[in-house]
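The values are calculated or read from the model by the stated rules, or taken from the named source; none is laboratory data. Quick caveat, the model's predicted, so the values are computed rather than measured. Note: ideal-geometry Cβ built from the backbone for every residue, glycine included; neighbour counts use all protein chains shown.
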Amino acid sequence: MIVVLLGVGYWVQSSPDTTGDVAAATPSGVSDYSVFVGAEDAVTVVTVYEDLQCLVCQAFEQAVGEGVDAGIESGDVRVEYRLVSFLDDASTNEYSSRDLNAPLVTLDTADVNAFKELHDAL
């Protein structure tokens, strides 16, 4: 028992510090679990909760996507994306979670424009 406790104590002591500056580690365009695309001073902010596997979400995106993109480009619209994965149970391979993670990893390694491009493709 003492050997286990010593081993755990050593592991905790030698583990890297993960309590660093969270703000510095947060990609630009991200706040409160949201990814923001568009000008900060846009007149209209659209909040979108979506699962990238959701067919209703896809229909919505197809219906309003071009108009929203035009608003983003003109600086009149800012979109707050809140990606969720509520359809994992509807697939056999957790597609919803994997589909959610791909644009977030892209955001982490590239920028908000790469996030938006992959989001739109998915």
(request) For the stretch 32-55, enumerate the residues that are over 28 Å from Glu94 (Cα atoms) and acidic (Asp, Glu). (result) Glu40, Asp41
(request) For the stretch 79-93, name all the residues that are closer than 19 Å to Ala121 by Cα and not aliphatic (A, V, I, L, M). (result) Glu80, Tyr81, Arg82, Ser85
(message) Among the residues that make up the stretch 79-89, is at least one of them at negative phi, polar (S, T, N, Q) and surrounded by 12 or more Cβ atoms within 10 Å (Cβ to Cβ)?
(response) yes
(request) Please state which one of Glu66, Glu40 is at pLDDT 80 or above, over 20 Å from the mean Cα position of the chain (by Cα), of a type in the set (D, E, K, R) and exposed (fewer than 15 other Cβ atoms within 10 Å of the Cβ). (result) Glu66
(request) Looking at (1) in contact with an Asp or Glu (Cβ under 8 Å, 6 or more places away or on another chain); (2) loosely packed, with under 14 Cβ neighbours inside 10 Å, find the lone condition where Val105 falls short. (result) (1)
(message) Is it the case, given these coordinates, that Pro27 is surrounded by 13 or more Cβ atoms within 10 Å (Cβ to Cβ) and modelled with pLDDT under 55?
(response) yes
